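The values are calculated or read from the model by the stated rules, or taken from the named source; none is laboratory data. As the structure is a prediction and not an experimental result, all values here were calculated from the model. Each accessible area value is taken on the protein alone, full model and side chains, heavy atoms only, with ligands, DNA and RNA left out. Shrake-Rupley method; radii C 1.70, N 1.55, O 1.52, S 1.80 Å.
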Amino acid sequence: MFDYNSDLAQEYGVYKNENAFEIAKYMSSVNISAGFHAGDALSIKKALLFAKEHNLAIGAHIGYPDISGFGRRDMELIEDEIEALVLYQVGAVSSFAKTLGLEIEHVRCHGAMKDKMTENTEFAKSVARAVKKVNPWLNLFVCSPEIKRIVEEEVKINCPYEVCFTDNMSIRQLREMEVIPETIHFNSIENAKRAYDVIKPAPVNYNRVSGQV
């Protein structure tokens, strides 16, 4: 069984992305942009209400403070800066969710921040330590089996291994990988439908189920 995840609230002001909600209908988890790379108060609320209506697990989608670059530009940050931007974003989505009777279950990094999480062990551990400060039961999605192993061993936080589903990929291939992913990311409705027709997803909830999932 796999968890399927996709991004919501990747919009800002007059810039909307309604296609994201069509993809999310085939998901078991959604990552809600926290305002730094995308997402504003109304889009975050809309995404949370959608997740509640469709019984989806909720995560905070965090990135660098880079609205104009959509979080795709790398930044060199010290430990305090990494911690602060993680706490701010995860805390914002978590607090907003609680006003609707919801709990967030995971954190997913975006853009350049996600790339660095995959390549830089020390950076990944810094992000993980900050996430753990918010809530030690949160899951932190990672895109590297080695990063998963190191962070789980040293920081003691769950790190579901994520693979991004591409046009030339199949569910069978994922099942045959040396390290089988626990969550699969989708950014195409065609691929989401294709995977959903093969196997229905189940959310990543290793530690707690808050009633909405």
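Rounded to the nearest 500, the helix-only mean residue ellipticity at 222 nm of the chain stands at -12500 deg cm²/dmol, with each DSSP H run of n ≥ 4 adding -39,500 (n - 2.57). Applying the Karplus relation 6.51 cos²θ - 1.76 cosθ + 1.60 with θ = phi - 60° to the stretch 140-154 yields 3J(HN,Hα) values of 10, 5, 9, 10, 9, x, 5, 4, 4, 4, 5, 5, 5, 6, 8 Hz, where x marks Gly and Pro.
Here, P(r) means the percent of Cα pairs in each 5 Å bin from 0 to the largest distance; for the stretch 20-81 it is 4, 18, 23, 21, 15, 10, 6, 2.
Surface calculation, 1.4 Å probe, protein heavy atoms: SER95 sits at approximately 70 Å² accessible. A 1.4 Å probe run over the protein chains yields, for the stretch 62-208, 49 Å² of accessible area per residue, whole-number rounding.
Each residue of the stretch 1-128 gets 105 Å³ once the volume of the Cα convex hull is shared out per residue. Over all projection directions, the Cα-based convex hull of the stretch 104-150 averages an area of 3.0 nm². Taking only the C-alpha atoms of the stretch 80-213, Rg followed by Dmax gives 15.4, 45 Å.
Taking only protein heavy atoms and a 1.4 Å probe, the accessible area of the chain is 52% carbon and sulfur.
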